[in-house]
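Inspection log for the structure reproduced underneath, given as structure tokens.
The values are calculated or read from the model by the stated rules, or taken from the named source; none is laboratory data. Quick caveat: nothing in here was measured; it's all calculated off a predicted structure. Quick reminder, even Gly has a Cβ in these numbers, built from the backbone with ideal geometry, and neighbours come from all protein chains shown. The protein model used for the area step is the full one, side chains on, heavy atoms only, and it has no ligands, DNA or RNA in it. Shrake-Rupley method; radii C 1.70, N 1.55, O 1.52, S 1.80 Å.
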Amino acid sequence: MLDSFRKASKSWFAKGLLGLLILSFGAWGIGDFISSGGGQTPAITVGDTAIGTGALREDLNREVSALRDQLGQDITTEQAIQFGFLDRAIGRMVTQATQIETARDWGMVVPDAVVARTIKADPNFAAEDGRFDRQLFERLLAANRLTESQFAEQVRRSLLQTALSAPAADAAHAPEGLVEDFDRHRNEARAGEVVSLSIADAPAPSETPDEATLEQLYQDNLETFTAPEYRAVTAIVLTLAQARPLVAVSDEAIREAYDARSHEFSAPETRTVDQVVAEDEQTAQAVVDAVRAGRTLTDAAAEAGAPAPVAMGEVTPDTLPQDQSRAVFSVPEGQVSDPVESAFGWHVFHVRAITPEATRPLEAVRDEIRAALVDEQAGEALYDLSVDLDDALGGGATLEEAAQALDLPLLTLEAVDRQGRGPDGTPVPDLPEAPAFLDTAFSSQPGEQTLMRETGTGYFVLRVDDVIPPAPRPLEDVRARVEALWVDQRKAEATRARAEAIRDAAGEGRTFAGAAETVGATVEALPAVRRDGRAVEDGQTPPPEDLARPLFTMNEGGIRIVDSGDVIHVLHLIEIDRAAGGTAETLAQTEQVLRESIADDLFVQFTDALSRAQGVEINRAVIESAFID
């Protein structure tokens, strides 16, 4: 069991934030990341380390949040658990706690100076000049919801992990014979050609099905024509839109907000600037002297042997480094600055125009401020409204009575399926977007009024009024779909018959192209592809996986029919190149792949041994009670 948790998290080892955030705990002290509350039964115990469900949830939520950002869509915690993310979190925390305990037992420490040096050397925190950029460092930490001390401790533990695991990883060795054999296998190339026959392009059958045929087809595919379970639901849904009218914003509050946020309504002074960057101070000073003597910046740069001026456009004080900003914003309009040194050379700035700072008056932004204040206070108003509703329901009121008493809209859904569609197959209007709404509706018993549930955008409480079980739709209601299915099947049969005719003709001695011509089809060449799906020739697009994969299960000269859903392919393997690979470059790449794979396995075995030495207990009952309803 522990090995499965370890493997679930292994692929994420050493792949966290910026290559360093392998660990998820906030601080080195065991108590800082272990306990979820005094006296609670731990979810995981490793040696003397007890890990609570709160720490486990924090780790899981961090990965789910990253997954949401990557996919650009909402992923619920329940879905993440179904995908195995909870087991991955358990594996990570067991591994991390094991290594912390082992490091402590062995007296291993990482000095602060080493942590600081590691952070400063990370290229992710480097400015354009390659030096450590503290502002960039702070921005990246803020974006990943980490404080500097948390990150520093995570780097410290990452270094400890490396120190612990490096001996096992360094022991990974791929024998020369294995490397050579796997290199040939990995880099073997295959080239083929294909005839692709679209089922949709097949002619429709000339005959029509009789009633008995349709009835049999309907019965054979009854599940396809079965209506899903529907539920009738009554609900009260609280949103910010309902709370906004409850918020009153006074003129005094608007004035105070305007004064407090005046910087938001002020446009800073901007300057339109050209610059010349010279290699040395003497050349830069010559440009300055020539301009101040009446020459244009272009002429002055040419005469001094400096590069031509570059237009910087409009700049504000914040868009330039401090020394350059000070020089630009201290020069009168039409004048040039004294030379300013940077890592790129000596800068001379010419201020072509100045746009003074401007502030929008209160009256121009009054509505904007009012809307912002309403939004800020609507969340609190929404919470107060949810408390009032909860009190009313707790006092015995029905949803209908509570909605009437609090002047809230009552949502009535006569029939909705798990996908949010009605019996006609279209989305049910006014359905809350939160996935938890339908999850709750389909996990509640008929007649049961649920507790108040919070979503990311509000609250809801519902009652399941009726459950309409799945039932086959009458044939007359789905006749058109059954007839369409019959047509699709006939077209698929006709298309497969064409594919078989090509295969048979080629088997009788015709060329593959000649065999294709017998049914009026054409042949398309497939780029040579390697076993891992890469095209042999750089820049070529490899065949799709459903064609490339079968090539490596065929004999040279073989022909196979490949069904890809809407298209039926006839695939011909022309050539197998077993001589691919064997170069110093491919052997080195293959050896690296094998060493990494072996190192991963050794890491798992090594960490498992450490875990057994420490003693690991995973309390499934505690975890399931906290994460699985």
Residue under evaluation residue 138, criteria (1) within 27 Å of the chain's Cα centre (by Cα); (2) open to solvent by less than 10 Å² (accessible area, probe 1.4 Å); (3) of a type outside the set (Gly, Ala, Ser), criterion not met: (2)
Check on residue 183, open to solvent by 50 Å² or more (accessible area, probe 1.4 Å) and not hydroxyl-bearing (Ser, Thr, Tyr): no
Of residues in segment 262-272 being at pLDDT 85 or above and out of contact with any helix residue (DSSP H, G or I) (no Cβ under 7 Å at 6 or more places or on another chain), the one surrounded by the fewest Cβ atoms within 10 Å (Cβ to Cβ): 269
Residue list for segment 457-468, restricted to those being open to solvent by 60 Å² or more (accessible area, probe 1.4 Å) and out of contact with any helix residue (DSSP H, G or I) (no Cβ under 9 Å at 6 or more places or on another chain): 465, 466, 468
Residue ID - farthest from residue 233 (Cα to Cα), chosen from residues in segment 413-438 that are touching a strand residue (DSSP E or B) at 6+ places or on another chain (Cβ under 8 Å) and open to solvent by 90 Å² or more (accessible area, probe 1.4 Å): 427
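Residues checked against (1) of a type in the set (S, T, N, Q); (2) open to solvent by less than 40 Å² (accessible area, probe 1.4 Å); (3) over 29 Å from residue 48 (Cβ atoms); (4) within 25 Å of the chain's Cα centre (by Cα):
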{"position": "105", "(1), (2), (3), (4)": "no, no, no, no"}
{"position": "110", "(1), (2), (3), (4)": "no, yes, no, no"}
{"position": "116", "(1), (2), (3), (4)": "no, no, yes, no"}
{"position": "124", "(1), (2), (3), (4)": "yes, no, yes, yes"}
{"position": "134", "(1), (2), (3), (4)": "no, no, yes, no"}
{"position": "154", "(1), (2), (3), (4)": "yes, yes, no, yes"}
{"position": "161", "(1), (2), (3), (4)": "yes, yes, no, no"}
Members of segment 183-241 found to be over 35 Å from the mean Cα position of the chain (by Cα) and among the basic types (Lys, Arg), listed by number: 184
Hits in segment 569-589 - residues which are in a loop (DSSP other than H, G, I, E, B) and surrounded by fewer than 18 Cβ atoms within 10 Å (Cβ to Cβ): 578, 579, 582, 583
Residue match in segment 375-396 (condition: open to solvent by 80 Å² or more (accessible area, probe 1.4 Å), of a type in the set (Phe, Trp, Tyr) and out of contact with any Phe, Trp or Tyr (no Cβ under 8 Å at 6 or more places or on another chain)): yes
Enumeration of residues in segment 273-305 that are of a type in the set (A, V, I, L, M) and open to solvent by 70 Å² or more (accessible area, probe 1.4 Å): 293, 302
Criterion violated by residue 167 - all others in (1) at pLDDT below 90; (2) part of a helix (DSSP H, G or I); (3) within 32 Å of the chain's Cα centre (by Cα) satisfied: (3)
Residues (in a strand (DSSP E or B) and acidic (Asp, Glu)) located in segment 394-427: 414
Boolean, residue 80 is among the small types (Gly, Ala, Ser), under 25 Å from residue 57 (Cβ atoms), without any contact (Cβ under 8 Å) to a residue 24 or more places away in the chain and in contact with a helix residue (DSSP H, G or I) (Cβ under 9 Å, 6 or more places away or on another chain): yes
Residue satisfying condition, being of a type outside the set (Ser, Thr, Tyr), at pLDDT 90 or above and assigned to a strand (DSSP E or B), within set 519, 529: 529
In segment 439-453, the residues that are open to solvent by 80 Å² or more (accessible area, probe 1.4 Å), assigned to a loop (DSSP other than H, G, I, E, B) and closer than 20 Å to residue 383 by Cα: 451
Residue selected from segment 437-450 under the condition at negative phi and more than 32 Å from the chain's Cα centre (by Cα), by the criterion modelled with the lowest pLDDT: 448
Condition check for residue 215: modelled with pLDDT of 85 or more, of a type outside the set (A, V, I, L, M, F, W, C) and within 30 Å of residue 388 (Cα to Cα): no
Cβ-Cβ under 8 Å pairs, at least 6 apart or on other chains, segment 212-236 side farther than 21 Å from residue 416 by Cα, far side among the charged types (D, E, K, R): 214/479; 214/483
Members of segment 273-304 that are touching a helix residue (DSSP H, G or I) at 6+ places or on another chain (Cβ under 7 Å), closer than 21 Å to residue 342 by Cβ and of a type outside the set (Val, Ile, Thr): 274, 278, 286, 297, 300, 301, 304
Residue under evaluation residue 553, criteria (1) part of a loop (DSSP other than H, G, I, E, B); (2) out of contact with any helix residue (DSSP H, G or I) (no Cβ under 6 Å at 6 or more places or on another chain); (3) open to solvent by less than 80 Å² (accessible area, probe 1.4 Å), criterion not met: (3)
Which numbered condition residue 320 fails, given (1) open to solvent by 30 Å² or more (accessible area, probe 1.4 Å); (2) at pLDDT below 90: (1)
Flag if residue 368 is open to solvent by 50 Å² or more (accessible area, probe 1.4 Å) and either free of Cβ contacts under 8 Å to residues at least 24 places away in the same chain or polar (S, T, N, Q) (or both): yes
Pairs where the first residue, in segment 144-159, is within 10 Å of residue 110 (Cα to Cα) and not assigned by the TED database to the domain that holds residue 109 and the second is part of a helix (DSSP H, G or I) and open to solvent by less than 40 Å² (accessible area, probe 1.4 Å), C-beta under 7 Å, 6+ apart: none
Every pair of residues 6+ apart whose Cβ atoms lie under 9 Å, when the first sits in segment 119-131 and is on the phi < 0 side of the Ramachandran plot and aromatic (Phe, Trp, Tyr) while the second is open to solvent by less than 100 Å² (accessible area, probe 1.4 Å) and not in a helix (DSSP H, G or I): 125/18; 125/132; 125/133
Selected residue (criterion: farthest from residue 349 (Cα to Cα)) from residues of segment 240-261 that are open to solvent by less than 50 Å² (accessible area, probe 1.4 Å) and outside any loop (DSSP other than H, G, I, E, B): 242
Matching entry among 325, 342 (being assigned by the TED database to the domain that holds residue 277, touching a Pro at 6+ places or on another chain (Cβ under 8 Å), free of Cβ contacts under 8 Å to residues at least 40 places away in the same chain and within 13 Å of residue 271 (Cα to Cα)): 325
Those residues of segment 57-98 which are open to solvent by less than 20 Å² (accessible area, probe 1.4 Å) and among the charged types (D, E, K, R), in sequence order: 59, 63
